1. Using +1 at the Cβ of each Lys and Arg and -1 at the Cβ of each Asp and Glu in the range 196-316, identify which of Val238, Ala302, Leu289 lies farthest towards the dipole's positive end.
2. Against the 2.2 N^0.38 Å scaling, with N counting residues, where does the range 72-181 land? I'd like the Cα-based Rg ratio to two decimal places.
3. Given the peptides 121-130, 85-94, arrange them by the average over their residues of other C-beta atoms within 10 Å, most packed first.
4. Quick one: net charge around Pro15, please, counting Lys, Arg +1 and Asp, Glu -1 for every other residue with C-beta under 11 Å from its C-beta.
5. Find, among the trypsin sites (Lys or Arg not before Pro) in the range 153-222, those assigned to loop by DSSP (not H, G, I, E, B) with at most 15 other beta-carbon atoms within 10 angstrom.
6. Order Lys40, Lys331, most accessible first, counting only protein heavy atoms with a 1.4 angstrom probe.
7. Among Ser96, Gly250, Ile202, flag the residue with its Cα farthest along the positive direction of the charge dipole of the chain, charges on Cβ as +1 for Lys/Arg and -1 for Asp/Glu.
8. For the chain, what does the helix formula give at 222 nm: sum of -39500 (n - 2.57) over DSSP H segments with n ≥ 4, over the residue count, nearest 500 deg cm²/dmol?
Amino acid sequence: MDPTERFLRACRRQPVDRPPIWIMRQAGRYMPSYQAIRDKVSFMELCRSPELCTEVTLMPIDQIGVDAAILFSDILIPLEGMGLDVSFDDRGPRVSPPLRTAAEVDGLRVDGADEEVAYVYEAVRQIKTALSGRVPLLGFAGAPLTLAIYAIEGGSSRNRHSVRKMVYEAPEVLERLLDKLATVVTRYLRHQIDAGVDVVQIFDTWGGTMSLADWRRFSLPYTARIMEGIKDTGVPIVHYALDSAHLTEGLVELPCDVLSVDWRQPLSLIREQTGGRFALQGNVEPGVLTCADEHIYAAAKACLDDYGDGPGHIFNLGHGITPDVSVAAAKALVDAAKELGAR
Ligand code: CP3
């Protein structure tokens, strides 16, 4: 079956010969070939170079044989277009200045923010040309809430004190920020779609840190607005949330095609809870990739057996691949998913 057709059909819960497989963060630090590029350029320089992004995006297609490519970039890139300084060091991302006041949020650029990062759309065009139809290409963006958390905290934060304070003391400032982010992300994804991506994924990685009530207020409406804003393109939409078992009754309200979930609950249970209305992506625990091949094989089998024969499964990890994994282990997972999925 043609890989693009297989992927699109899986998103739409139509029968396929086997579930497609790709891996979140499949192009990254676990690959010596990626490290070799990073020895020469910074992460931001890499993101700003369509040529290097193309080279990196294709690495996992060639080296581990995944069934889909994902644009090489980062969810924080649009924040740069909005006027914030984005950088990455050993401790993770830095966003400055951290947004804390209404005046700081009001100062963020919306109009033109999408054009500031036009190098991303050029990367999509070059990747599509380089792939020449071998596999489909996913585009992506961060959900407004997840982007807001990085912008408010100024980077990764264990306890998210500043965000929590804003939820209680100044929810209207948070809502104003989310509103701006939703507008920029909608335009950003439309550009990626115009440039040729076949599927888009929205990452609400930190959505699960909120209660169901707060997620309903501060994430659902903004992500739903983005989804409605790109729906007319017909491009399937995937939603990812980490640690989101308590959000399921809210997630079903998202106007998307695929829910990507972590490893904490079996896909069969989530399918039951969501009434079979979504294709499901996931959900092997990333840690198994540091184990011997027999464990990787068993984990792939358990995931496929749990989902069963029904349509609408996109095989993936429950979160991104970690830097301590070997390329051989990643390939073992892909090989196992292909072999076992074809039965
Ligand atoms: O999946 C892919 O291969 C495509 C590229 C991609 C990256 N980041 C490259 C990257 C994608 C889809 C992302 C999304 C992203 N970025 C998310 C959502 C998914 C998730 O993992 O939860 C988040 C939360 C970020 C923010 C981010 N970017 C963090 C926290 C970090 C540092 C820690 C880490 O995991 O690496 C990054 C940096 C980053 N983004 C790297 C890569 C390959 C490593 C940069 C380096 O080379 O040093």
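The values are calculated or read from the model by the stated rules, or taken from the named source; none is laboratory data. The structure presented is a predicted model; accordingly, all values stated were derived computationally and were not measured. All Cβ positions, glycine included, derive from the backbone under ideal geometry; neighbour counts span all protein chains shown. Only protein heavy atoms, including side chains, enter the accessible area calculation; ligands, DNA and RNA are left aside. Shrake-Rupley method; radii C 1.70, N 1.55, O 1.52, S 1.80 Å.
1. Positive-most Cα among the choices belongs to Val238.
2. The reported ratio for this selection is 1.19.
3. 121-130, 85-94
4. So the environment of Pro15 carries a net charge of +3.
5. Here the trypsin sites (Lys or Arg not before Pro) that fit, given the DSSP loop and packing criteria, are Arg158.
6. Ranked from most to least accessible, the order is Lys40, Lys331.
7. In the chain, that residue is Gly250.
8. -14000 deg cm²/dmol
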